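Read-outs throughout are calculated quantities, based only on the coordinates presented, and are distinct from any laboratory measurement. All of these numbers come straight from a predicted model, not from anything done at the bench. So basically every Cβ, Gly included, is an ideal-geometry build from the backbone, and we count neighbours across all protein chains shown.
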2 protein chains.
Amino acid sequence: MARWQPDAPGRLAAAALDLFEERGYDSTTVIEIAERAGLTKSTFFRYFPDKREVLFDRGTVTDLLVEGIASAPPAADPLDAVADALDALGRTFFADDRREFSGRRQAVLNANTELREREALKRIDLAASMIEALTRRGVPSLTARVAAKLGMLAWEIAFDQWIDIHNGEGFGPLARQALADVRAAAAVH
Amino acid sequence: MARWQPDAPGRLAAAALDLFEERGYDSTTVIEIAERAGLTKSTFFRYFPDKREVLFDRGTVTDLLVEGIASAPPAADPLDAVADALDALGRTFFADDRREFSGRRQAVLNANTELREREALKRIDLAASMIEALTRRGVPSLTARVAAKLGMLAWEIAFDQWIDIHNGEGFGPLARQALADVRAAAAVH
DNA sequence: GTCAGTGATGGGACTTGGTCTCATCGACCC
DNA sequence: GGGTCGATGAGACCAAGTCCCATCACTGAC
């Protein structure tokens, strides 16, 4: 029997999500989160740089997107490469067994401005990484920036559908469809 | 002679920008800002909800954009309406006599993550307002979302040029050109 | 088996952002 | 002169976040 329960950061994240749902982000104290996880404030800040970050990926969404773009077929145009990247997200980060968790988490994020701020910045940094990855494929700068913006839009659309909808569609297919729709809407202009 | 110096919020904002440039955002205390403005912490928080907000518009960028879109000619397509809105920005918020200030402010924002976060959220909320304004013109939801994303991209491009460049181009014309370029790049897809 | 090293955790002092309540001060009005 | 009102100051208070040091259990060497 281990002296320490395993996966302290995981327990902290779970406790935080529970508490934020129960009484809201603002009304929850880091000390309370730590206590529910059987830990202390010191340990919380050892694993997370601040209170917001406990709700964000310990994983590597950026890497998934960047690799997805890099490993797209050489003939793929920028938006096709982005579609592949979103598909990669759908196979791991937005896999179907994470749908409920993702929905709970997003509801908490939407309810608090501080958290929306953090999310907004993460998305900007993500878009920057996508632009960089597209540029490495030889895509011109402006085209890459447009593709990244449209890709993020498709992500948003697909995510909402994936969370809301009660059919069996996975994130990947939804994102591909959303991206096709976005592409069509952009071409009309 | 007035008992109180006029424009307390303005003095606070100016003092803050100076101090942030001198010693960085993190190393500057709200108390120091207030002192330099001849005021106190209490008064600072009377005018600004938090330390970040002292660098953001007391004005109404949102209103400018929304009105710009609303008052575009009925025949204008979504991106033309957005162009009109950016032009409205260029006539007031990004007027040429504010170029130096805007540059200093942006440099401070770029240097600090907390501030970049705040800016990221402001832009998202701005985009949401643009989408709403476009929708009121009868623009379909998806088209409006695409137009808002492309409009924000043109804004970013034009802003950087406006700050960097040392020719006499104003923000408005730069934004129109940027939007035209973005539109062309989006149509290629 | 004991003893030193190591990594994860706890404890508590400290700074700062942010909230709140109450006191103060000057202008203006009657 | 006294009362009201709006802007400011003063200070207590809480929570986030930083820092340093103590503690504890496990590990391996001897």
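Brief remarks follow.
- Principal axis extents of the C-alpha atoms in the stretch B:8-51 (largest first, rounded to whole Å): 24, 16, 13.
- Most mobile of B:105, B:136, B:23 in a GNM of chain B (Cα contacts under 10 Å): B:23
- Counting neighbouring Cβ atoms within 10 Å and putting the fewest first, the residues A:174, A:89 line up as A:89, A:174.
- The 3J(HN,Hα) values that the Karplus relation (6.51, -1.76, 1.60; θ = phi - 60°) gives for the stretch A:30-45 are, in residue order, 4, 4, 5, 4, 4, 4, 4, 8, x, 9, 10, 3, 3, 5, 3, 6 Hz. Gly and Pro appear as x.
- Largest first, the extents of the alpha carbon coordinates of the protein assembly as shown on the three principal axes equal 75, 52, 37 Å.
- Spacing of the modelled spin labels on residue A:136 and residue A:5, each 7 Å from Cα toward Cβ, amounts to 3.9 nm.
- Dipole in debye (nearest 20) - chain A, about Cα centre, beta carbon charges: Lys, Arg +1; Asp, Glu -1: 440 debye
- Teacher prompt: residue A:97 distances to equivalent labels in other copies, 7 Å Cα→Cβ, nm: 6.5
- Number of partner chain Cβ atoms within 10 Å, mean per residue of A:141-151: 5
- Sorted from nearest, the other copies put their residue B:10 label points 5.8 nm away, the label point being 7 Å from Cα in the direction of Cβ.
- In sequence order, the stretch B:161-174 has phi-based couplings of 5, 4, 6, 5, 5, 10, 8, x, 4, x, 5, x, x, 4 Hz under the Karplus curve 6.51 cos²θ - 1.76 cosθ + 1.60, θ = phi - 60°, and Gly or Pro positions carry x.
- Spherically averaged projected area in nm², based on the convex hull that wraps the Cα atoms of chain B: 12.9 nm²
- Alpha-carbon centroid distance for the pair the stretch A:161-189 / the stretch B:69-85, whole angstrom: 27 Å
- Cα-based equivalent ellipsoid, the stretch A:85-189: semi-axes from gyration tensor eigenvalues, Å: 24, 17, 13
- Other copies of residue A:74: label-to-label distances in nm, shortest first, labels 7 Å along the beta-carbon direction: 5.5
- Alpha-carbon centroids, the stretch B:94-115 and the stretch A:98-113: separation in whole Å: 33 Å
- Residues considered: A:42, A:129, A:71. Largest GNM mean-square fluctuation over chain A, using C-alpha springs under 10 Å, is found at A:42.
- Sequence-ordered 3J(HN,Hα) estimates for the stretch A:85-94 from the Karplus curve with 6.51, -1.76 and 1.60 and θ = phi - 60° stand at 5, 5, 4, 4, 4, x, 7, 10, 5, 10 Hz, glycine and proline given as x.
- When chain A is treated as a Gaussian network with alpha carbon springs shorter than 10 Å, the biggest mean-square fluctuation among A:147, A:14, A:85 belongs to A:14.
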